[in-house]
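Structure, as structure tokens:
The values are calculated or read from the model by the stated rules, or taken from the named source; none is laboratory data. Worth saying up front: this structure is predicted, and the values here are computed from it rather than measured. Positions of Cβ are backbone-derived with ideal geometry, glycine not excepted, and every protein chain shown enters the neighbour counts. Side chains are part of the model used for accessible areas, which takes the heavy atoms of the whole protein and leaves out ligands, DNA and RNA. Shrake-Rupley method; radii C 1.70, N 1.55, O 1.52, S 1.80 Å.
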Amino acid sequence: MSDVSLHRGISPHRIGAMILRYWYLLLSSWPRLLELLYWPALQVITWGFIQYYIAENSNFFARAGGTLIGAVILWDILFRGQLGFSISFLEEMWARNLGNLMMSPLRPIEFLLSLMVMSLIRLAIGVIPMTLLALFLFHFNVYALGLPLIAFFCNLIFTSWSVGIFVSGLVVRNGLGAESIVWTLMFAIMPLACIYYPVSVLPVWLQHVAWVLPPTYVFEGMRALLIENTFRIDLMLEALVINAGLLVASFGAFLALLRSARKHGSLLSGGE
């Protein structure tokens, strides 16, 4: 009876095996590791020098130092979190291995959980050096934000997982012809997330759309913290509620798209 219940439940061993598989894939290719380090470092250096220039010519940025670099780092958490999830998933599609995994004892929920953990690993490899560069080159210590940083991080990573799960479901159902959405959907969200400017800049009707997105609350909260020295816990709680709904919806969408792929035979077609 215990063996049956274990098989039907979530197995940490199967999740761990998938994480180990993706870790070995990552270590087996130095270009994969370089890519994780290169783009975050390039972004923080470029935007850091831009902020230095603006700060010397703007009283606002002199008073609110770090808002631009902070926005770049938080945006990278959001973007890299989704990309780390999706790339691990695409590894299976490129290798035509997803059908094999879905016919194994591995459950879809275990598969998604392993992708979530792997996204954190990929994110750490890219973002931690990025934050150290910001500290040593521009004297911006993101870790000095303290507990609010944890709230920012959790809400951003939850959003990135929701987007990653949803777009993975689309690729499962429609094959690699839908792969481009993995790389572009987060950029479609970018203008409405108000990363580099407050929500008040948007037209009134568009502000209502922006407040549907959890990242908007995070970036508004970051500006309130750096400019007004105020931690807006109300914004973080509202973002958390929206994220909970998005995660449940994305899980449901992935399972529905997976069932549809099995029904139409696209799961075994190798993603074509």
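Where a ≥ b ≥ c are the square roots of the eigenvalues of the C-alpha gyration tensor, would you call segment 76-156 rounded, which needs a/c under 1.5, or, failing that, prolate if a/b is larger than b/c, or oblate? It is prolate, given that a/c is not under 1.5 and a/b is the larger ratio. Per-residue surface analysis assigns H208 an accessible area of about 130 Å², computed on protein heavy atoms at 1.4 Å probe radius. Here the accessible area is traced with a 1.4 Å probe on the protein chains. For segment 172-221, carbon and sulfur cover 73 percent of it. Hey, how much of the P(r) for segment 96-213 falls beyond 23 Å, as a percent of Cα pairs? Roughly 49 percent, once rounded to a whole number. Each peptide among 75-84, 190-199 gets the average number of other Cβ atoms lying within 10 Å of its residues, and from highest to lowest they stand as 75-84, 190-199.
Suppose every K and R has +1 on its Cβ and every D and E has -1 on its Cβ; what is the size of the dipole of segment 149-272 about the Cα centre, in Debye to the nearest 20? Spell out each step's value before the answer.
Details: 6 positive and 6 negative charges, 87 e Å.
So the dipole magnitude of segment 149-272 works out to roughly 420 debye.
For segment 209-263, the Kirkwood hydrodynamic radius from C-alpha pairs, put into Stokes-Einstein at 20 °C and a viscosity of 1.002 mPa s, yields a diffusion coefficient of 167 µm² per second.
Where only protein heavy atoms count, and the probe is 1.4 Å, what is the accessible area per residue for segment 117-240 in Å²? Mind dumping the intermediate values first?
On the way: 5430 Å² over 124 residues.
I get 44 Å² per residue for segment 117-240.
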